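The values are calculated or read from the model by the stated rules, or taken from the named source; none is laboratory data. The shown structure was predicted, so the numbers you read here are calculated from the model rather than taken from an experiment. Neighbour counts run over all protein chains shown; Cβ positions are idealised from the backbone, glycine included. Keep in mind that these areas ignore ligands, DNA and RNA; they rest on the heavy atoms of the full protein, side chains included. Shrake-Rupley method; radii C 1.70, N 1.55, O 1.52, S 1.80 Å.
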Amino acid sequence: MKALSLPLPAEPMPGQIRFGALRRSAILLFGTPLNAVLTLLFGVLLVTTVPPMLHWLVIDAVLFDPSPRACRVATGACWSFIYAKSGQLLFGIYPLDERWRPAIVCVLILALLAWSVRPASWAPRLAALWVAALVLIFWLMAGGFGLAEVPTSSWGGLPVTLILTVVAIGVAFPVGILLALARRSTMPTIRIGAVVLIESVRGLPLLSILFVASIMMPLFLPEALLPDKFVRALVALTIFAAAYLAEVIRGGLQAIPNGQYEAAAAVGLPFWRTQYLVILPQAIRVAIPALANTIIVMIKNTSLVLVVGLFDLISSGKAALADPDWPSPAAETFLFIGAIFFALSFSFARFADFLERRGPTAH
Amino acid sequence: MLSSAAKRVPPMPDPSDPPAIEMIGMNKWYGNFHVLKDIDLTVLRGEKLVICGPSGSGKSTIIRCINRLEEHQQGQIVVDGVELTNDLKKIDLIRRDIGMVFQHFNLFPHLTILENLTLAPIWVRRMRRAQAEQTAMHYLERVKIPDQAHKYPGQLSGGQQQRVAIARALCMSPKIMLFDEPTSALDPEMVKEVLDTMIALAGDGMTMLCVTHEMGFARQIADRVVFMDQGEIVEMNTPSEFFSHPRHRRSKLFLTQILN
């Protein structure tokens, strides 16, 4: 889409620039009585809130002093807590001596994500690379084969958030595509099955699905058949994400005109190739804004696993705050955790934006 | 190849060959609406048929039945010696050999022109990419737009898009070409470039069925003109006979309406 090109004002003379800009801002800020009142009100708001905020954030804050004592007397933020507790915040209750393992896992996942957003790496071998990486990740996290074993109940922090996000969304996306196609199928059993699954999952709060997975499943499954609690939560998140993604993708599918199916059929392309080569690339592109929206919500939904006793970033933060030596700087901790979630979500939003701009713009 | 063919006398259809398409007692309904009534039609190899008629007469439906974009409910359709049934594998095999050009082009907007042309040869005919691209460029030259190969359909004019659609169909080396009102969605100044492409194709001896209102085109290339009304074939004749001595009242009425 092209931006409307507005006629640019004529170049001002060198001496005119500052005066012109000043005049324009003055008119903008005080041009009418309403503007003047709003400007004054906003000015008062800035003057009363910004200085205290700066004091708390930086000027009165404890930045580097590693002792808890400094934080007790300071009136500003206690950033040294974040630094001193970074290990616990990022890796939770993972055994201290083994923290290098989740650290490698985090770096590995982030590096792979960065690698995967390049169009040049979009090939079938990228999926193989991810599968291999996930095997390595689970080995590093869980141990065995030469590494000390760490049960999933001791996993925590950033690696848990990253693994839940990547695996749940990575699996939910193809499953969502299949569900969306199934819901549009002409075969009644397939269509009804998809409708029942999607509507029942969408009709339940994620919390209740997580509770079913972690609390109710042990009641009616023998222990030998019961998957690990982490895996159960992962499956619950995946199913939930798949149901939502399916509806978003179905929205994209509805936008594809019938002529595209006919053109594909007319050259003898069979069903799956038609979907893969012709329909889905267009449907997913149409659905990118809604897909990005759903996926960002899902990134943040992973934090709900804390209610079933898994230690994601937020639970790790709460655990770190329980240390009696420190004055429990909750705001700072949650700002830090919020920044991590923001970095993940915002990066994804930028990626979605990039995808949207790529390729042909006109239909 | 194309330009010289336009001047060459096209090879005459040979009635002793097995026909390209045969419809026997074919009927089709949409719910209770009887769209096609007792259609009997034989198209010889190399024959050019123009199908015309008022809108809603079933002329598009009849050619869409030939590659089973529409199903018929009664009677027989035999294409290239194979009867059309619910056997999907057979249908896909038949469709490979029938090229179709749509009123609204139906190019794949997410693919470049070259990718539009190579998609089916690569994924249906299992052709190697290099060879498919070579074939694609050959046909793009024939429709006179090789310079647009790396653009997307949305960047081309309607006439160019329709010529790409013709080239896309030709890349599968079809035995039969179906045209469903190929010029109806075009701006008037672009109609000629598409018709010229089709005339050149006719000169090469392709079996062609065209649903069109372009009567000048029909006069120039058609071996027979089929006039349809209300789901029936009302009249079928050589273009000179049909245009100068229409036998039915409905044909006469249609011709007076369309030629004015």
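Summary of values
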read-out	value
Whole-number percent relative contact order across region A:82-358, with pairs defined as alpha carbons under 8 Å at least 6 apart	26
Protein-only accessible surface order, largest first, of B:V124, A:V195 at 1.4 Å	A:V195, B:V124
Vicinal HN-Hα couplings computed from phi for region A:309-321 (Karplus, 6.51 cos²θ - 1.76 cosθ + 1.60; Hz; Gly/Pro x)	x, 9, 9, 8, 4, 5, 5, 4, x, 4, 5, 5, 5
Cα-based shape type of region A:115-262, given that a ≥ b ≥ c are square roots of the gyration tensor eigenvalues and the cut on a/c is 1.5	oblate
Alpha-carbon centroids, region A:64-116 and region A:309-330: separation in whole Å	12
Too-long pairs where the Cα-Cα distance tops 29 Å, listed order kept, from B:K59/B:K90; B:K28/B:K48; B:K37/B:K144; B:K59/B:K151; A:K229/A:K300; B:K90/B:K144	B:K37/B:K144; B:K59/B:K151; B:K90/B:K144
Test item: Cα-centred dipole of the protein assembly as shown, Lys/Arg +1 and Asp/Glu -1 on Cβ, debye	620
Accessible area of A:W139 in the full protein assembly, 1.4 Å probe (Å², nearest 10)	90
Surface share of carbon and sulfur [accessible, 1.4 angstrom probe, percent] for region A:82-358	72
Heavy-atom accessible area ranking, 1.4 Å probe, most first, across A:L22, B:L195, A:L253	A:L22, B:L195, A:L253
Residue-wise HN-Hα coupling along region A:257-273, computed from phi with Karplus coefficients 6.51, -1.76, 1.60 (Hz; x: Gly, Pro)	x, 4, x, 5, 5, 5, 5, 5, 5, 5, 9, x, 6, x, 3, 5, 5
Candidate aspartates and glutamates - alpha carbon under 14 Å from A:K318, same-chain residues fewer than 8 apart omitted	A:E332
Sequence-distant residues sharing a close amide H with B:I21 (under 5 Å, placed H)	B:V43, B:D80
GNM flexibility winner over chain A from A:E262, A:E149, A:E199 (Cα, springs under 10 Å)	A:E262
With DNA, RNA and ligands ignored, accessible area of B:K90 (1.4 Å probe; Å², nearest 10)	80
Bridge type composition, the protein assembly as shown - antiparallel percent by DSSP, nearest 5	50
Accessible area (Å², 1.4 Å probe, nearest 10) - A:R183	40
Sequence of A:W115, B:W123 when ordered by accessible area, the most exposed leading, probe 1.4 angstrom	A:W115, B:W123
Environment charge at A:I256 (Cβ cut-off 12 Å; Lys +1, Arg +1, Asp -1, Glu -1)	+2
Computed [θ] at 222 nm, helices only, for chain B once each DSSP H run of length n ≥ 4 contributes -39500 (n - 2.57)	-11500 deg cm²/dmol
Radius, Kirkwood style, for the protein assembly as shown when every pair of distinct Cα atoms is counted (Å)	30.3
Gaussian network model of chain B, Cα within-10 Å springs - most flexible of B:A222, B:A167, B:A120	B:A120
Karplus-derived HN-Hα couplings along region B:219-235 (A = 6.51, B = -1.76, C = 1.60, θ = phi - 60°), whole Hz, x at Gly and Pro	4, 6, 10, 6, 7, 9, 10, 10, 9, 10, 8, 6, x, 10, 7, 8, 8
GNM result for chain A, Cα springs below 10 Å: residue of A:L225, A:L54, A:L178 fluctuating most strongly	A:L225
Chain A: equivalent-ellipsoid semi-axes (sqrt of 5 x gyration tensor eigenvalues, Cα, Å)	41, 37, 19
